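Read the figures in this text as sums done on the coordinates, not as results from a lab. Owing to the predicted nature of the structure, the values given are computational and were not obtained by experimental measurement. Note: ideal-geometry Cβ built from the backbone for every residue, glycine included; neighbour counts use all protein chains shown.
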């Protein structure tokens, strides 16, 4: 017998902490860590509601949690590839220094291929 | 208050406290290590909530793989050892939004559940979860495998060194 309000409130607070971190941090790796906190809060909410609510299909919340964990692993893989690419291009992972529209100032790069949002040249 | 409640309270406090340290610490590497504490506490919460398989998957994938990847990223971006002062943006809007979201959701959930109790269901062992995944959720499961493959290929393509470098740079 448990009181479900305790893990529910934990999940809510963890989500708030994650939101704070996403908005506050300007280092891209720390931002990814905050995103992990938010994902964990959602997972905790799913598992808790699975124990609280009797659904038609039992343990559906836990299955969904497994799916979310897989998606989070994929997200971290691609996210870190992007962050490392950003670091290679700009020698910094500060997020508020990223121009969202133009190519980064590469010295010697004068070709006119269009640049993607993080400066990677697409269509080559 | 039963023993399970006390465990939930303690683990929840550890999780939220370590999460707060993750978003406030000035040391990049320590943020990753606090994240380990936070994720392990959440795995403990899963165990108390009878989600055995999810708890071990959490330990394997999050603590084992994701955190290691994040620490690799910290090192590959040549993060300074010791405290750094340029990690944060000005804080009060973030505190407002984050605190508002967290406390608002908490109030909502407290109001919904009050101090009610539930009986714990049967444990979500690997056997039961496997039967459910392959009984009811086969299609999402297979879709996820395609998604993982796509993410893998995407990460490899993004990490190829020649992308984004002009020919002159490649010669350097």
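What are the semi-axes of the equivalent ellipsoid of the stretch B:78-121, taken as the square roots of 5 times the eigenvalues of the Cα gyration tensor, listed largest first and rounded to whole Å?
On the way: eigenvalues 279, 60, 7 Å².
In descending order, the three semi-axes are 37, 17, 6 Å.
Arranged by the count of other C-beta atoms within 10 angstrom, fewest first, what order do A:101, A:60, B:2 take? Don't skip to the answer; put the middle values down first.
Working: A:101 6, A:60 17, B:2 11.
Arranged by neighbour count, lowest to highest, A:101, A:60, B:2 become A:101, B:2, A:60.
Convex hull volume of the Cα atoms in chain B, per residue, in Å³? If you can, show how the numbers build up before the last one.
Numbers: hull volume 32.4 nm³, N = 172.
Cα convex hull per residue, to the nearest whole number: 189 Å³.
For the stretch A:5-96, how big is the tail of P(r) above 18 Å, as a whole percent of Cα pairs? Mind dumping the intermediate values first?
Values: 2276 of 4186 pairs.
Pairs farther apart than 18 Å: 54 percent.
At what distance in angstrom do the alpha carbon centres of the stretch A:1-75 and the stretch B:43-64 lie from each other?
Each part reduced to its Cα centre gives a spacing of 12 Å.
When the Kirkwood hydrodynamic radius is evaluated over all pairs of different C-alpha atoms of the stretch B:1-51, what value in angstrom, to one decimal, is obtained?
Values: mean 1/r = 0.0893 Å⁻¹.
Hydrodynamic radius (Kirkwood, Cα only) of the stretch B:1-51 equals 11.2 Å.
Under the rule of -39500 (n - 2.57) per DSSP H run of 4 or more residues, summed and divided by the residues of chain B, what mean residue ellipticity at 222 nm is obtained, to the nearest 500 deg cm²/dmol? Before the final figure, lay out each step's value.
Working: 8 runs with 119 residues, N = 172.
My calculation for chain B gives -22500 deg cm²/dmol from helical runs alone.
Could you pull the Cα extents of the protein assembly as shown along its three principal axes, largest to smallest, in whole Å?
Principal axes ranked by extent give 67, 44, 29 Å for the Cα atoms.
Using only alpha carbon positions, build the gyration tensor of the stretch B:32-121, then give the equivalent ellipsoid semi-axes as the square roots of 5 times its eigenvalues, largest first, whole angstrom. Intermediate values should be presented prior to the final figure.
Values: eigenvalues 193, 114, 12 Å².
The three semi-axes for the stretch B:32-121 are 31, 24, 8 Å.
Peptide B:32-44: average number of partner chain Cβ atoms within 10 Å per residue? Numbers along the way, then the final one.
Details: counts 3, 0, 1, 7, 0, 0, 6, 3, 0, 3, 10, 1, 0.
Per residue, the number of nearby Cβ atoms from other chains is 3 on average.
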